[in-house]
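Right, one structure below, let's go through it.
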Amino acid sequence: MSINVSHEIETPNQKQNRHKAMEAIKVINTLKDDFKNPIISMNYFYTLFEDVYCKNKSLHNDKLKVGTMCLQIPSEIIYALDAVPIRLCNGFYTDDEIGSDFMPQKSCPLVRATVGQFSSNNFNDKPNLVYSPTTCDQKTKAGAIIQTFGHEVIDVDFPRVKESEISREYFRRSIRNFAIDLSKKSGNKLTKSNLRKSVSKVAYAQSLYHKLCYYRQENDLVISGNDMFLITNAFFFDKIDSWIEAVEKVLNECKTRKEEKLFIANKISPRIVYTGSPPIFPNYKVPLLIEQSDGVIVADETCSANRMFNDRVAVDEWFINDILDSISDKYLKACTCPIFTKNDDRIRRIIELVKTYNADGVVYQSFAGCTVYEAEQRSVLEAMEKAGIPILYIESDYSPSQGGQLSTRIEAFVESLKTRRRTKK
Ligand code: SF4
Ligand code: SF4
């Protein structure tokens, strides 16, 4: 795809779109062309991201578009009310730069990028309203800033202590209020039947993700970590039925590739679990560097992939309030984001992923300015050291200038894992 580079009397939004298209196409082309044995059915996702971010195509003109500031807003409830969730976590450096006028210099690029996009009011699918859970401090403040630009932002109370019964009750009430509010705003009634259907549909999407992950547990790999991030990032905004159909095709192709022994990595390529601040398209700087250095990401503990799909809603009684409570419990209990006071679950999950996916090491990325991920690195590093798992901690942002220094550290880490593998044999 060619990008229009004409500079004649561009509006600020045209300029923003052109820069974003350049960021997007660079990553899409890298994913398409730079790795061995690319999966043909991934073309659905490459085209989707190109349509949305290079051609500004709208996907949801006919529906109420519900913007969500974090994964803690249950998509099951949004789908049940015949609306579409659009996750607003943003990975564009162009938007990050615009957003830096409104946020402190040392703040999270993901949040700055979200704020930047709202400040310019430039969307392919503009959300009709936004729900903002009070998760990390920066997300919380970003909701209030976005409101000042004239967007409707509704706070959703979110507790910061995970293990307590009070938090559980608090979030259950919060989710019931969210459901009532969205029902009023959408003009649609929440029924047992539509809620049951949407819970089943999201659970089916999650089951497809798990099936893909089974392929990543094998010694010979048929799908890369970057392709997996693209697939899970598409779930932020794609039509769920189209997403399901496309993932089913990728799964079929994975099966054939396994039979034909068409693998994406070398036998010696170190297997890596990725954790920390979430890779969000097109900010795949660190995941791309890992796989370009001959590492392969076999699993992740991030909110842009594994955390979205890992745990399913477990319903005991199919009555509306019981279903809503089960949804709320799933979102709170399964979350391993470092926003909580204690977060032993996150350490447990990383170790479990290393074992299940037979990983050689862990890469921990923290966005510069994200105090919670930065603060939690010490406990994670200590736990990995105790478990004998090599780990690399990286601080990064969205700027393109950091590449050289990062790639040196990542290459050295991947090489050290290779050496460790050889000596283990
Ligand atoms: S990092 Fe945490 S607070 Fe931020 S979007 Fe992900 S789950 Fe939400
Ligand atoms: S990376 Fe950190 S600051 Fe950014 S959204 Fe996640 S928790 Fe919040």
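The values are calculated or read from the model by the stated rules, or taken from the named source; none is laboratory data. What you are looking at is a predicted structure, and each value in this text was computed from that prediction instead of being measured. Cβ placement follows ideal geometry from the backbone for every residue including glycine, while neighbour counts extend to all protein chains displayed.
In segment 364-393, which residues are more than 16 Å from ligand 1 (Cβ to nearest atom) and among the aliphatic types (A, V, I, L, M)?
Residues of segment 364-393 more than 16 Å from ligand 1 (Cβ to nearest atom): 378-379, 381-393.
Correct list: Leu381, Ala383, Met384, Ala387, Ile389, Ile391, Leu392.
Here is a yes/no grid of residues against (1) within 16 Å of ligand 2 (Cβ to nearest atom); (2) touching a Cys at 6+ places or on another chain (Cβ under 8 Å); (3) modelled with pLDDT under 95:
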{"site": "Ala246", "(1), (2), (3)": "no, no, no"}
{"site": "Leu251", "(1), (2), (3)": "no, no, no"}
{"site": "Asn266", "(1), (2), (3)": "no, no, yes"}
{"site": "Pro278", "(1), (2), (3)": "yes, yes, no"}
{"site": "Pro282", "(1), (2), (3)": "no, no, no"}
{"site": "Ile297", "(1), (2), (3)": "no, no, no"}
{"site": "Thr302", "(1), (2), (3)": "yes, no, no"}
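Being surrounded by 13 or more Cβ atoms within 10 Å (Cβ to Cβ) and either in contact (Cβ under 8 Å) with a residue 40 or more places away in the chain or farther than 30 Å from Arg196 by Cα (or both) is the requirement here; does Thr336 meet it? Break it down into steps so the answer makes sense when it comes.
On the way: surrounded by 13 or more Cβ atoms within 10 Å (Cβ to Cβ): yes; either in contact (Cβ under 8 Å) with a residue 40 or more places away in the chain or farther than 30 Å from Arg196 by Cα (or both): no.
For Thr336, the condition - surrounded by 13 or more Cβ atoms within 10 Å (Cβ to Cβ) and either in contact (Cβ under 8 Å) with a residue 40 or more places away in the chain or farther than 30 Å from Arg196 by Cα (or both) - is not met.
Can we say Lys63 is surrounded by fewer than 19 Cβ atoms within 10 Å (Cβ to Cβ) and closer than 26 Å to Ser224 by Cβ? Steps first, please.
On the way: surrounded by fewer than 19 Cβ atoms within 10 Å (Cβ to Cβ): yes; closer than 26 Å to Ser224 by Cβ: no.
So Lys63 fails the test.
Could you tell me whether any residue of segment 344-362 is aliphatic (A, V, I, L, M) and within 18 Å of Gln138 (Cβ to Cβ)?
no
Within segment 125-141, which residues are more than 10 Å from ligand 1 (Cβ to nearest atom) and not hydroxyl-bearing (Ser, Thr, Tyr)? Steps first, please.
Step one: filter segment 125-141 for residues more than 10 Å from ligand 1 (Cβ to nearest atom), giving 125-132, 141.
Asp125, Lys126, Pro127, Asn128, Leu129, Val130, Lys141, listed by residue number.
Could you say which residue among Val414, Val362, Val372, Val354 is aliphatic (A, V, I, L, M), in contact with a helix residue (DSSP H, G or I) (Cβ under 9 Å, 6 or more places away or on another chain) and within 16 Å of ligand 2 (Cβ to nearest atom)? Spell out how you get there, then give the answer.
Values: Val414 fails: within 16 Å of ligand 2 (Cβ to nearest atom); Val362 fails: within 16 Å of ligand 2 (Cβ to nearest atom); Val354 fails: within 16 Å of ligand 2 (Cβ to nearest atom).
When all the criteria are applied, what remains is Val372.
Just one of Ile391, Ile323, Ile347 is away from ligand 2 (no atom under 16 Å from the Cβ) and either under 18 Å from the mean Cα position of the chain (by Cα) or touching a residue at least 40 places away in the same chain (Cβ under 8 Å) (or both); which is it? Can you show your working first?
Working: Ile391 fails: either under 18 Å from the mean Cα position of the chain (by Cα) or touching a residue at least 40 places away in the same chain (Cβ under 8 Å) (or both); Ile347 fails: either under 18 Å from the mean Cα position of the chain (by Cα) or touching a residue at least 40 places away in the same chain (Cβ under 8 Å) (or both).
Step by step, each of Ile391, Ile323, Ile347 is checked, and only Ile323 is away from ligand 2 (no atom under 16 Å from the Cβ) and either under 18 Å from the mean Cα position of the chain (by Cα) or touching a residue at least 40 places away in the same chain (Cβ under 8 Å) (or both).
Please go through segment 89-116 and pick out each residue that is surrounded by fewer than 24 Cβ atoms within 10 Å (Cβ to Cβ) and in contact with a Gly (Cβ under 6 Å, 6 or more places away or on another chain).
Listed by number, the residues that qualify are Ile98, Lys106, Ser107.
Can you give me the number of residues within segment 331-355 that are in a helix (DSSP H, G or I), within 15 Å of ligand 1 (Cβ to nearest atom), modelled with pLDDT under 95 and farther than 30 Å from Pro104 by Cβ?
1
Exactly one condition in (1) polar (S, T, N, Q); (2) on the phi < 0 side of the Ramachandran plot; (3) in a loop (DSSP other than H, G, I, E, B) is not met by Asn358; state its number.
(2)
Run down Ala144, Ala80 and say which single residue is away from ligand 1 (no atom under 15 Å from the Cβ) and buried (at least 24 other Cβ atoms within 10 Å of the Cβ).
Details: Ala144 fails: buried (at least 24 other Cβ atoms within 10 Å of the Cβ).
From the options Ala144, Ala80, the qualifying one is Ala80.
Do any strands (runs of 3 or more DSSP E) lying entirely in segment 59-166 carry at least 2 residues that are within 14 Å of ligand 2 (Cβ to nearest atom), and which ones are they? Outline the logic, then answer.
Details: elements: 64-68, 83-87, 129-133, 153-156.
The strands (runs of 3 or more DSSP E) meeting that bar are 129-133.
Among (1) at pLDDT 95 or above; (2) within 13 Å of ligand 1 (Cβ to nearest atom), there is one condition Asn358 misses while meeting the rest; what is its number?
(2)
Looking at segment 228-277 only, could you name the residues that are assigned to a helix (DSSP H, G or I) and closer than 26 Å to Gln377 by Cα? Steps first, answer last, please.
Restricting attention to segment 228-277, the residues satisfying the condition of being assigned to a helix (DSSP H, G or I) are 228-234, 240-260.
Within segment 228-277, Met228, Phe229, Leu230, Thr232, Asn233 meet the criteria.
Can you spot a residue in segment 16-32 that is crowded, with 16+ Cβ neighbours inside 10 Å and within 16 Å of ligand 2 (Cβ to nearest atom)?
no
Table: residues versus (1) over 20 Å from Lys330 (Cα atoms); (2) surrounded by fewer than 17 Cβ atoms within 10 Å (Cβ to Cβ); (3) not basic (Lys, Arg).
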| residue | (1), (2), (3) |
| --- | --- |
| Ser198 | no, no, yes |
| Tyr209 | no, no, yes |
| Leu221 | yes, no, yes |
| Met228 | yes, no, yes |
| Phe235 | no, no, yes |
| Asp241 | yes, yes, yes |
| Cys254 | yes, no, yes |
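Scan (1) more than 12 Å from Lys162 (Cα to Cα); (2) within 16 Å of ligand 1 (Cβ to nearest atom) for the single condition Ile290 breaks and write down its number.
Exception for Ile290: condition (2).
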